[in-house]
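The values are calculated or read from the model by the stated rules, or taken from the named source; none is laboratory data. In this text, all values refer to a predicted model and were calculated from it rather than measured experimentally. Counting neighbours? That spans all protein chains shown, and the Cβs are built from the backbone with ideal geometry, glycine included. These accessible areas exclude ligands, DNA and RNA; they are computed on the full protein's heavy atoms, side chains included. Shrake-Rupley method; radii C 1.70, N 1.55, O 1.52, S 1.80 Å.
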Amino acid sequence: MFNRILLAVDGSENSLRSARYATELAEKFNGTIDVIYVVDSSTAKEDVLHATNKFEIEKKRKEKLKPMRELLEKSGTDFYTHVLHGEPGPEIVEFANENAIDCIVIGSRGLNELQSFILGSVSHKVAKRADCPVLIVK
(Lines give C-alpha, C1' and ligand atoms only; values in the text may rest on other atoms or scores of the structure.)
Protein backbone atom coordinates (compact mmCIF):
# COMPACT_ATOMS: atom_id res chain seq x y z
CA MET A 1 0.00 0.00 0.00
CA PHE A 2 2.63 2.55 1.08
CA ASN A 3 5.72 1.24 -0.70
CA ARG A 4 7.26 4.63 -1.34
CA ILE A 5 6.99 7.20 1.44
CA LEU A 6 8.12 10.80 1.22
CA LEU A 7 9.28 12.34 4.49
CA ALA A 8 9.51 16.14 4.40
CA VAL A 9 11.89 17.45 7.06
CA ASP A 10 13.27 20.79 8.23
CA GLY A 11 15.44 19.72 11.15
CA SER A 12 12.83 20.55 13.80
CA GLU A 13 11.44 18.40 16.61
CA ASN A 14 8.24 18.01 14.56
CA SER A 15 10.36 16.56 11.75
CA LEU A 16 11.85 14.01 14.10
CA ARG A 17 8.37 13.00 15.25
CA SER A 18 7.34 12.70 11.60
CA ALA A 19 10.37 10.51 10.92
CA ARG A 20 9.21 8.08 13.59
CA TYR A 21 5.81 7.75 11.91
CA ALA A 22 7.42 7.36 8.48
CA THR A 23 9.67 4.54 9.73
CA GLU A 24 6.69 2.76 11.27
CA LEU A 25 4.82 2.98 7.97
CA ALA A 26 7.86 1.79 6.02
CA GLU A 27 8.36 -1.16 8.37
CA LYS A 28 4.69 -2.12 8.26
CA PHE A 29 4.46 -2.01 4.45
CA ASN A 30 8.07 -2.98 3.69
CA GLY A 31 8.56 0.38 1.97
CA THR A 32 11.31 2.87 1.30
CA ILE A 33 11.54 6.48 2.42
CA ASP A 34 12.57 9.49 0.37
CA VAL A 35 13.69 12.20 2.81
CA ILE A 36 13.35 15.72 1.42
CA TYR A 37 14.85 18.88 2.86
CA VAL A 38 13.87 22.02 0.93
CA VAL A 39 16.07 25.09 1.21
CA ASP A 40 14.02 28.21 0.55
CA SER A 41 15.54 31.47 -0.69
CA SER A 42 15.65 33.19 2.72
CA THR A 43 17.38 30.19 4.32
CA ALA A 44 19.86 30.03 1.43
CA LYS A 45 20.68 33.74 1.80
CA GLU A 46 21.13 33.40 5.54
CA ASP A 47 23.38 30.35 5.09
CA VAL A 48 25.57 32.21 2.62
CA LEU A 49 25.84 35.27 4.87
CA HIS A 50 26.88 33.25 7.92
CA ALA A 51 29.19 30.71 6.27
CA THR A 52 32.77 31.09 5.12
CA ASN A 53 32.49 28.59 2.26
CA LYS A 54 30.08 26.18 0.58
CA PHE A 55 31.46 23.20 2.50
CA GLU A 56 30.44 24.83 5.77
CA ILE A 57 26.92 25.31 4.38
CA GLU A 58 26.73 21.63 3.41
CA LYS A 59 28.01 20.61 6.84
CA LYS A 60 25.39 22.78 8.57
CA ARG A 61 22.59 21.22 6.49
CA LYS A 62 23.83 17.71 7.19
CA GLU A 63 23.88 18.50 10.91
CA LYS A 64 20.21 19.54 10.72
CA LEU A 65 19.35 16.19 9.16
CA LYS A 66 21.59 14.08 11.42
CA PRO A 67 18.90 13.05 13.97
CA MET A 68 16.61 11.91 11.13
CA ARG A 69 19.39 9.96 9.44
CA GLU A 70 20.32 8.25 12.72
CA LEU A 71 16.70 7.28 13.37
CA LEU A 72 16.29 5.88 9.86
CA GLU A 73 19.61 4.05 9.93
CA LYS A 74 18.73 2.50 13.30
CA SER A 75 15.40 1.27 11.93
CA GLY A 76 17.07 -0.50 9.02
CA THR A 77 14.64 1.07 6.55
CA ASP A 78 15.95 1.88 3.07
CA PHE A 79 15.99 5.64 2.60
CA TYR A 80 17.29 8.25 0.18
CA THR A 81 18.01 11.88 1.02
CA HIS A 82 17.27 14.78 -1.34
CA VAL A 83 18.07 18.47 -0.82
CA LEU A 84 15.92 20.67 -3.04
CA HIS A 85 15.87 24.43 -3.52
CA GLY A 86 12.75 26.56 -3.79
CA GLU A 87 9.49 27.14 -1.97
CA PRO A 88 8.89 24.12 0.31
CA GLY A 89 5.21 23.43 -0.41
CA PRO A 90 5.37 23.36 -4.20
CA GLU A 91 8.74 21.55 -4.23
CA ILE A 92 7.43 18.76 -1.99
CA VAL A 93 4.26 18.37 -4.07
CA GLU A 94 6.17 18.38 -7.35
CA PHE A 95 8.62 15.73 -6.13
CA ALA A 96 5.80 13.55 -4.81
CA ASN A 97 3.68 13.82 -7.94
CA GLU A 98 6.59 13.21 -10.33
CA ASN A 99 8.07 10.26 -8.41
CA ALA A 100 5.04 8.05 -7.78
CA ILE A 101 5.08 8.60 -4.01
CA ASP A 102 2.40 6.60 -2.18
CA CYS A 103 2.23 8.73 0.99
CA ILE A 104 3.71 11.99 2.26
CA VAL A 105 4.58 12.32 5.95
CA ILE A 106 5.08 15.89 7.12
CA GLY A 107 5.13 17.69 10.46
CA SER A 108 2.73 20.39 11.49
CA ARG A 109 4.39 23.68 12.31
CA GLY A 110 1.78 24.66 14.86
CA LEU A 111 0.71 28.05 13.55
CA ASN A 112 -2.17 29.75 15.31
CA GLU A 113 -5.35 30.43 13.31
CA LEU A 114 -4.33 33.96 12.27
CA GLN A 115 -0.85 32.91 11.16
CA SER A 116 -2.30 30.01 9.19
CA PHE A 117 -4.83 32.29 7.52
CA ILE A 118 -2.26 34.90 6.52
CA LEU A 119 0.76 32.72 5.77
CA GLY A 120 -0.66 29.29 5.13
CA SER A 121 1.34 26.34 6.30
CA VAL A 122 3.54 24.08 4.22
CA SER A 123 1.64 21.01 5.43
CA HIS A 124 -1.68 22.59 4.42
CA LYS A 125 -0.37 23.48 0.96
CA VAL A 126 0.99 19.96 0.48
CA ALA A 127 -2.25 18.32 1.65
CA LYS A 128 -4.29 20.43 -0.78
CA ARG A 129 -2.14 19.80 -3.86
CA ALA A 130 -0.60 16.33 -3.56
CA ASP A 131 -1.96 13.45 -5.60
CA CYS A 132 -1.37 10.95 -2.78
CA PRO A 133 -2.43 10.69 0.88
CA VAL A 134 -0.72 13.09 3.29
CA LEU A 135 -0.09 12.27 6.95
CA ILE A 136 0.36 15.47 8.99
CA VAL A 137 2.03 14.74 12.31
CA LYS A 138 1.28 17.17 15.15
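Structure data summary
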item	result
Pairs, first aliphatic (A, V, I, L, M) in segment 1-25, second in a loop (DSSP other than H, G, I, E, B), C-beta under 8 Å, six or more apart	1/102; 5/31; 5/101; 5/102; 6/99; 6/101; 25/2; 25/31
Scan of segment 1-42 for residues that are in a loop (DSSP other than H, G, I, E, B) and more than 11 Å from the chain's Cα centre (by Cα), ordered by number	1, 2, 3, 30, 31, 40
Whichever residue in segment 24-52 is closer than 18 Å to residue 63 by Cβ and open to solvent by 70 Å² or more (accessible area, probe 1.4 Å) and, among such residues, is modelled with the highest pLDDT	52
Index of the failed condition, residue 76 passing every other in (1) farther than 16 Å from residue 107 by Cβ; (2) in contact with a strand residue (DSSP E or B) (Cβ under 9 Å, 6 or more places away or on another chain); (3) modelled with pLDDT under 95	(2)
Long-range neighbours under 7 Å by Cβ, at least six apart or interchain, first residue surrounded by fewer than 23 Cβ atoms within 10 Å (Cβ to Cβ) within segment 80-107, second among the polar types (S, T, N, Q)	102/3
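For (1) within 26 Å of residue 98 (Cα to Cα); (2) out of contact with any strand residue (DSSP E or B) (no Cβ under 8 Å at 6 or more places or on another chain); (3) at pLDDT 85 or above, each residue gets a yes or a no:
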| position | (1), (2), (3) |
| --- | --- |
| 15 | yes, no, yes |
| 22 | yes, no, yes |
| 59 | no, yes, no |
| 67 | no, yes, yes |
| 72 | yes, no, yes |
